[in-house]
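First the structure, in the form of structure tokens, and then the observations on it.
The values are calculated or read from the model by the stated rules, or taken from the named source; none is laboratory data. Note that the coordinates shown come from a computational prediction; the quantities given were computed from them, not determined experimentally. Cβ placement follows ideal geometry from the backbone for every residue including glycine, while neighbour counts extend to all protein chains displayed. Side chains included, ligands, DNA and RNA excluded: accessible areas come from the protein's heavy atoms. Shrake-Rupley method; radii C 1.70, N 1.55, O 1.52, S 1.80 Å.
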Amino acid sequence: MKQNKMGALALSGFIIGPLLGSGILILPPIVFNIAKEWAILAWVVMIMISFMVAFIFGFISIQFPGDGGATIAIAHVFGTYVKRLAAFYLIIGVTFGAAAVLLTAGQYIEKLNFASSLTVSYILLPVCITFLLARINVLGKIAFAMSIISALVLFVGGVKSLLDHPKEMVIATSFNPADFSYSLLILFWAIFGWEIIGNYSADVIEPKKTITKAIIVSILAISAVNLVVAAAVQWTDTSAFWQGDLTITAIITSLFGNMSNLIMATLALFLCCSTYFLYVGGISRLVASLAKENVLPKLLSKRSHNDVPYVSVLLMFLLNLMVLLFVQAGLFDLEKLVAFANSFLTINALIGIGAGIVLIKNKWIKVTGAVLSVFFIGMLVYHSSTVSLILMGALAVYYVCKQISANRRNAKAVS
């Protein structure tokens, strides 16, 4: 089975592309419009947060390997029912977030007059699912190739744009704490993904060495691309060659000229598909682990001869298809999908970080983790819809009450 498992480079492919993902395509212009000249500082702060989140979830993945990922550590610290609570938060978040990722790719491809973004999403969904049913090491190599190409194009395009059309690097606006904090909240979308690495820990060679190397390579590559693209958006003078709203396509125009729309559509396809592979592949393994524990129907734990939880993958196909149908019916748009997914991914990350604070002995990590937790709570309070808050609250009440009852039963049994 060793030949079917991933090494550090293949695992990096599951990290770099997805964590750049749809975020690098849409966030830099939005954050610049909010924070103005202070946008680059917001990116620096978010990269520092990314390092901390990556470290915490990397530690958890190494100490508690298995398809359940970070939820295994959560069970160790908070109990089985809180683990299940975090798992369902993550499943709901990915169900909606994965559909948003497909729609993001569709929006860029739509500019080629190929088809509508929704039609493109319907086409991409079965294609991505087919790849997920393949051998895991093959998928890792594909994702790695996609990630490297996309990262290089964005990095080189950003550098060339800064060199060819530089803008004076001055701060013309005063610091606005409200705008700056809001830009940080928006940037949180850029750090989702680290919490899912653990779901692949059973699919890598020598987890401790492989995960550590993959995280180091990935965080350095992601940080470099994010900073260069953000700087290019902020300090490139696009007035001479670009009309309309500032987008990432404008940044790579200096490198590709009239081919920029085609190149960006290709990059969007690469990055968004990589994101889909990471999220849906990881969640399929989580669903399979819950089925194995009889939390979900036993059928969902079935695996192919390539060790792929194919029934869980097919379930995610149906769930994502359902969300796309919601979009077609007008119940959601891309912005609402991202906001809804963000709420559940945030609270899942919050629980995982809480487990990391308990498990990791380093005091600096504990303090930093506590600060991150406050940041995440603020995001939930200010940016979650009423529906998502009600659903999160109902699930929390149900599973926390069950955990309290279980703790009491255990205490009586011991006494």
Amide H to amide H, which residues 5 or more places from residue 204 or on other chains are under 5 Å from it, using H placed in the peptide plane?
6
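I'd like the FRET efficiency for residue 172 and residue 116, computed as 1/(1 + (r/R0)^6) with the beta carbon distance as r and R0 of 45 Å, rounded to 0.05. Write out the running numbers ahead of the final one.
Numbers: r = 40 Å, r/R0 = 0.88.
Efficiency at R0 = 45 Å is approximately 0.70.
Roughly how many percent of the accessible protein surface of the chain is carbon and sulfur, given a 1.4 Å probe and a whole-percent answer?
Values: 11760 of 17400 Å².
Whole-percent figure for carbon plus sulfur exposure: 68.
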On full extension of the chain, what length is gained from residue 385 through residue 44, given 0.36 nm per residue of separation minus the C-alpha to C-alpha distance?
119.9 nm
The chain, accessible area per residue, ligands and nucleic acids excluded (1.4 Å, Å²):
42
Subset of 5/366; 213/302; 208/302; 336/402; 209/302; 5/209 violating a 22 Å alpha-carbon distance limit:
5/366; 213/302; 208/302; 336/402; 209/302
Assuming R0 = 22 Å, what is the FRET efficiency of residue 366 and residue 9, from their Cβ-Cβ distance, to the nearest 0.05?
0.10
Kindly provide the helix-only [θ] at 222 nm of the chain, computed as the sum of -39,500 (n - 2.57) over DSSP H runs of four or more divided by all residues, to the nearest 500 deg cm²/dmol?
-26500 deg cm²/dmol
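Set the Förster radius R0 to 45 Å, insert the Cβ-Cβ distance between residue 209 and residue 373 as r into 1/(1 + (r/R0)^6), and round the FRET efficiency to 0.05. Numbers along the way, then the final one.
Details: r = 30 Å, r/R0 = 0.66.
Taking R0 as 45 Å, the efficiency between residue 209 and residue 373 is 0.95.
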Computed from these coordinates, which is P(r) over Cα pairs in 20 Å bins from 0, in percent: [x] 24, 47, 23, 6, 0; [y] 21, 36, 23, 15, 5, 0; [z] 27, 59, 13, 1?
[z]
